[in-house]
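Chemist: Dropping the structure in here first, questions after.
The values are calculated or read from the model by the stated rules, or taken from the named source; none is laboratory data. Remember, it's a predicted structure, so these values are computed and weren't measured experimentally. Here the Cβ is made from the backbone with ideal geometry for all residues, glycine too, and neighbour counts use every protein chain on show.
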Amino acid sequence: MSKSKPVLTSSLGKKLIMSLTGLFLCAFLIVHLIGNLQLFKDDAGYAFNNYAYFMTHFTPIKVVSYLLYASIIIHAVYALVLSTKNKAARPIGYNQYDGKASSAWNSRNMGILGTVLLVFIVTHMQNFWYQYKFGSTPYVEYHTELATGNQEIISLDEIPADYDGYKLIESNGIETVKSKDLYRQVSVAFQNPLLVGLYLLGMAALSFHLIHGFQSAFQTVGFNHRRYVGIVRWIGIWIFGIIIPIAFAAMPLYFYFVK
């Protein structure tokens with residue numbers, strides 16, 4: 001125990017923990033994106049509301065969610081600690097060496113990008129996760145005729161007093177789903193241009209953050225063999241730096257301009 005403690009509390013140990021939590025958050029981004037793509041289905045939120053209920057009530061997912069929250073906090077705190085220590089160790093910049101000449105802008109400004117992302121995450125959680133769990137999320141009922149697929153939708157601004165949780169009932173050839181309507185919560189929220197702008201800024205910050213951070217995390221954990229550096233860099237740039245942020249940014253734009 002006494003030997004491991006200095007490693008975990010050293011700068012190298014903090015970078016290792018930051019890298020591991022960062023890679024875990026990257027994995028979560030993929031899962032979260034797959035679920036959020038349900039927003040594009042033209043089914044009045046049926047698939048997305050089912051997904052939202054599953055993600056907030058399935059026990060293994062809830063455990064992973066707590067790990068996610070812890071990872072965000074640890075990643076942010078360790079980033080702040082390392083940034084503060086680096087500035088304290090070098091309070092005056094070098095006179096003869098220009099770091100800008102040999103490093104990318106995003107690698108020099110990971111702290112700024114991380115701060116933008118933290119503000120975005122807090123706003124996102126407040127608008128959707130908190131409202132879904134504790135706030136005033138709208139209510140919806142889907143009545144589907146199983147034989148024909150015809151669907152009747154009953155939508156209310158407030159949850160009925162007798163609502164006791166998600167229900168899926170099949171009776172007389174009709175499937176009835178009663179649920180909190182997070183889909184409409186999302187639709188209404190993204191009519192706010194300021195919120196849409198914040199999401200676009202957040203996704204831009206995510207892109208620059210991951211283009212540098214993804215590859216850097218693999219280097220920190222020792223996965224930097226020249227045979228694999230190219231594929232890691234390609235995944236970091238194209239998958240996490242471009243495709244995933246664009247897909248997330250498309251959601252607020254879709255609701256603001258189309259829905």
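Chemist: Taking the stretch 21-34, which residues are free of Cβ contacts under 8 Å to residues at least 40 places away in the same chain, within 22 Å of LEU253 (Cα to Cα) and either loosely packed, with under 15 Cβ neighbours inside 10 Å or in contact with an Asp or Glu (Cβ under 9 Å, 6 or more places away or on another chain) (or both)?
Modeler: The answer is VAL31, ILE34.
Chemist: While we're on this one: Out of everything in the stretch 54-88 that is more than 20 Å from TYR166 (Cβ to Cβ) and among the charged types (D, E, K, R), what residue ends up being surrounded by the most Cβ atoms within 10 Å (Cβ to Cβ)?
Modeler: Going through the qualifying residues, I end up with LYS85.
Chemist: Looking at the stretch 154-176, which of its residues are surrounded by 14 or more Cβ atoms within 10 Å (Cβ to Cβ) and in contact with a Phe, Trp or Tyr (Cβ under 6 Å, 6 or more places away or on another chain)?
Modeler: ILE159, TYR166
Chemist: With respect to PHE248, determine if the residue is surrounded by 14 or more Cβ atoms within 10 Å (Cβ to Cβ) and farther than 20 Å from VAL119 by Cβ.
Modeler: no
Chemist: Identify, from the list ALA247, ALA217, ALA205, the residue that is of a type in the set (A, V, I, L, M) and closer than 21 Å to GLY35 by Cα.
Modeler: Within the list ALA247, ALA217, ALA205, the selection yields ALA247.
Chemist: Give the number of residues within the stretch 220-245 that are of a type in the set (Val, Ile, Thr), at pLDDT below 95, surrounded by fewer than 16 Cβ atoms within 10 Å (Cβ to Cβ) and in a helix (DSSP H, G or I).
Modeler: Counting residues in the stretch 220-245 that are of a type in the set (Val, Ile, Thr), at pLDDT below 95, surrounded by fewer than 16 Cβ atoms within 10 Å (Cβ to Cβ) and in a helix (DSSP H, G or I) gives 2.
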